[in-house]
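Participant: There's a structure below that I have some questions on.
The values are calculated or read from the model by the stated rules, or taken from the named source; none is laboratory data. Fair warning: this is a prediction, and the values are worked out from it, not measured in the lab. FYI the Cβ positions are ideal-geometry reconstructions off the backbone, even for glycines, and counts take in every protein chain you see. Surface accessibility is based on the protein's heavy atoms, side chains included, excluding ligands, DNA and RNA. Shrake-Rupley method; radii C 1.70, N 1.55, O 1.52, S 1.80 Å.
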Amino acid sequence: MTRNITYKPISKDLEKMVKPNPDSSIRPSLGLEETVGEFFYISIEDLLPFHNQARQLFDEDEINSLAESIKIHGIRQPLTVMRVENNKYEVISGERRLRAAKNSGLQKVPCIIISDVKQADAIALVENIHRKDLHPIELGITYKNLLEVGVFSTQSELSKKISVTKSHVSEHLKYADLDQEIQRHIVENKIFARDKLREIINAHSKGDKDKVRKLLGIDKVSRKNFSILRIVSNQGKMQFQEKGIQQLSNSEKQELKKYLSKLMQKI
């Protein structure tokens, strides 16, 4: 089943980035330009979050409010999705609508299907930067994803395309390099103060995780159990795995050194 829709206009700075290439196999009607296109109803069970989704938190009150609206008016703006393995689709744009649709009891939702990976990342960028409540860390993750997948080749190109300074891009990319546990704590606790975020970045770049935790007002960021150092003897050859050491704070590293020093005395 198909139905005609009209898309909302996007900013001129980003129009070329998300507009389909007329020479590609993508149907022009499936882009974000101001024309009429088609959408298709897809089962909610077949829809997955976008693997490069920068947004880490969704306001449950907003989701519930949107769900009530959907019960009355339905979904008025289709989701943008991309086909992945096993006949599933990742939601490039519209995860809030998907969550609200689940809460409202819908079985299927209207979707626009695209197939270009770079276009998918560009569309995700459009949706994210147009949201005022997006946290700087989430925006930094978006920038990092765009550079890693090759939508933009340099920070300068990215900054020009979205009309921001290069220093703005550079600073936000540093947020994206923080440990995931630290990122999650900052976003969940809605820490937006630029000076404080810069202090955290500075301490993190020096490997001073104790100071990072102090700046965040926590004694320790909860972490899953992980292996610090593994030594395996395989057919007479010693194999060492030490990646876990990088996750330790300075005080934890000192504790490990003391233990290894005592251990060496026993060998």
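Participant: Pop out the carbon and sulfur fraction of the accessible area of the stretch 60-131 as a percent, whole number, probe 1.4 Å.
Facilitator: After summing per-atom areas, the C and S share lands at 41 percent.
Participant: From largest accessible area down, sort 93, 156; use a 1.4 Å probe on the protein chains.
Facilitator: If we order 93, 156 from most to least accessible, we get 156, 93.
Participant: Going through the cross-link list 237/258; 118/206; 237/262, which pairs have a Cα-Cα distance over 29 Å in this structure?
Facilitator: Result: 118/206 exceed 29 Å.
Participant: Using Stokes-Einstein with the Kirkwood hydrodynamic radius over Cα pairs, what translational diffusion coefficient do you get for the stretch 138-195 at 25 °C and a viscosity of 0.890 mPa s, in µm²/s rounded to a whole number?
Facilitator: D = 205 µm²/s.
Participant: Using amide H atoms built 1.01 Å from N in the peptide plane, name the residues 5+ places from residue 108, or on other chains, whose amide H lies under 5 Å from its own.
Facilitator: HN-HN under 5 Å from residue 108: 44.
Participant: I've got another one for you. Using amide H atoms built in the peptide plane, which far-off residues or other-chain residues are under 5 Å from residue 92 H to H?
Facilitator: So residue 92 has HN proximity to 80, 81, 82.
Participant: Taking a 1.4 Å probe, which of 88, 258, 102 shows the most accessible area, and what order do the others take after it?
Facilitator: I get 258, 102, 88, largest accessible area first.
Participant: Identify, among 153, 173, 185, the residue whose Cα sits farthest towards the positive end of the charge dipole of the stretch 150-199, taking +1 on the Cβ of Lys and Arg and -1 on the Cβ of Asp and Glu, with the dipole about the Cα centre.
Facilitator: Positive-most Cα among the choices belongs to 153.
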